[in-house]
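The values are calculated or read from the model by the stated rules, or taken from the named source; none is laboratory data. This is a predicted model, so every value here is computed, not measured. Please note: Cβ atoms are built from the backbone with ideal geometry, for glycine as well, and neighbour counts cover all protein chains shown. The protein model used for the area step is the full one, side chains on, heavy atoms only, and it has no ligands, DNA or RNA in it. Shrake-Rupley method; radii C 1.70, N 1.55, O 1.52, S 1.80 Å.
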Amino acid sequence: VQLVESGGGLVQTGGSLRLSCAASGRTLSIDATGWFRQAPGKEREFVSAIRLGGGGESFADSVKGRFTISRDNTKNTVYLQMNALKPEDTALYYCAAAFRWSIDTVLGRGYDYWGQGTLVTVSS
């Protein structure tokens, strides 16, 4: 499975961006896609995840109410809509895929494939 992120860029505080994660290869083998981010000098953190078969989403507390996640299975693409962006949202955003939707994937663990990332910069 190959994952390619897009949609990052520079935005002002309060603005919005929509990130995309396009999957190719053995996409039928995966059931969960997650978004993670890593800011300079910080560890990677979980942002959100969605069950590709439907019926499951999760969000980090820091983005609840501001970010939404959605999927288009016909395009093998997962989207992360980011609204009300803050400077602390600045990071390299990665998507990742897992074979199974589970308590691990909900909590941001157990992902099998990773993309290269797309940079989001929020100016104050």
### Query
Could you give the accessible area per residue of the stretch 12-120, probe 1.4 Å, as a whole number in Å²?
52 Å²
### Message
Run the paramagnetic zone check for LEU107: 7 angstrom along Cα to Cβ, then residues of the stretch 45-76 with backbone nitrogen under 13 Å.
### Response
none
### Summary
Excluding residues fewer than 8 positions from LYS86 in its own chain, the lysines with Cα under 25 Å of it are LYS42, LYS64
### Query
Nearest 20 debye, what's the magnitude of the dipole of the chain about its Cα centre given +1 on Lys and Arg Cβ and -1 on Asp and Glu Cβ?
140 debye
### Message
Could you compute how much accessible surface VAL106 exposes when probed at 1.4 Å, giving the result in Å² to the nearest 10?
### Response
40 Å²
### Task
Would you list, by chain and number, the aspartates and glutamates whose Cα falls below 14 Å from the Cα of LYS75, excluding same-chain residues fewer than 8 positions away?
GLU5
### Task
Rounded to the nearest 0.05, what FRET efficiency do LEU28 and GLU57 give with R0 = 25 Å and r taken as the Cβ-Cβ distance? Could you check?
0.75
### Query
In nm, to one decimal, how far is the ASN83 label point from the ARG100 one, both placed 7 Å along Cα→Cβ?
3.5 nm
### Task
With springs only between Cα atoms under 10 Å apart, run a GNM on the chain and tell me which of THR13, THR68, THR105 wobbles the most.
THR13
### Query
How about the stretch 1-105: which GluC sites (Glu not before Pro) there are in a DSSP loop, with at most 11 other Cβ atoms within 10 Å of their Cβ?
GLU43
### Message
Out of all Cα-Cα pairs in the stretch 8-124, roughly what percent, to the nearest whole number, are more than 20 Å apart?
### Response
35 percent
